[in-house]
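First comes the structure, then the notes that go with it.
Every read-out reported here was derived from the displayed coordinates using simple, explicitly stated rules and does not represent laboratory data. If you're wondering where the values come from, they're calculated on a predicted model, not measured in any experiment. Glycine also receives a Cβ, built like all others from the backbone with ideal geometry; neighbour counts cover every protein chain displayed.
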Amino acid sequence: MKCPFCSHLESKVTDSRAATAGDVIRRRRECEGCTRRFTTYERVEEVLPLVVKKDGRREMFDRQKLLSGLRRACEKRAVPLEKLEEIVDGIERDLIDSGEKEVASPRIGERVMTRLRALDDIAYVRFASVYRSFRDLDEFRDELDRLASTRTPEGKP
């Protein structure tokens, strides 16, 4: 491991422990060149499928891009960031577990909307309006009508 201070390539591990979630190993290291200490984190690199966009382009799944879209949909809503991260974690886990090499972006979008709908109706409609590219007010109204018709008296999906 290269020292971040002097760039020496040799270091020794002085302490190693699992991080809070248990999926990351935290290691304290000491540089054998300058003797300064630093921390590294080790995690399993999981292979995510390529995302096939609507125009046919293929790109790597970008967790931050998905989280950013969810944050925009939830702006000024009482939705904790932890819930949005749970949505992204769940979708990421689904993609890894599927074992597929490629996944169409509409499949990811539908998964996001299903989870977001259970979390917050307004955020769901915001996300859906961008994701489904509503062309006019009628399409938007149709989506609102579909949402309203599937609600229970308690307001749950």
Kirkwood Rh in Å, taken over all unlike Cα pairs in the chain: 18.9 Å
Using a Cα distance threshold of under 25 Å, what count of lysine pairs results for segment 30-100 when pairs must be 8 or more residues apart or interchain? 4
Expected unfolding gain across S7-R146 under the 0.36 nm per residue rule, minus the alpha-carbon gap, is 44.1 nm
Which of A73, A128, A118 fluctuates most in a GNM of the chain (C-alpha springs under 10 Å)? That residue is A118
Could you pull out every residue, at least 5 positions away or on a different chain, whose amide H is within less than 5 Å of the one on S11? Hs are placed 1.01 Å off N in the peptide plane, and Pro or chain starts have none. E32
A104's amide H: which non-local residues (gap 5+, or another chain) put their own amide H closer than 5 Å, with H modeled 1.01 Å from N in plane and none for Pro or chain starts? V52
Per the beta carbon screen (other Cys under 4.7 Å), unpartnered cysteines of the chain come out as C74
Evaluate the relative contact order of the chain (contact order divided by residue number), counting alpha-carbon pairs under 8 angstrom at least 6 apart; express in whole percent. 15 percent
A student applying the Cα gyration tensor rule (rounded when a/c is under 1.5; otherwise prolate if a/b is larger than b/c, oblate if not) would label segment 1-59 oblate
Shape call for segment 31-82, from the Cα gyration tensor axes a ≥ b ≥ c (a/c under 1.5 means rounded, otherwise prolate when a/b beats b/c, else oblate), comes out oblate
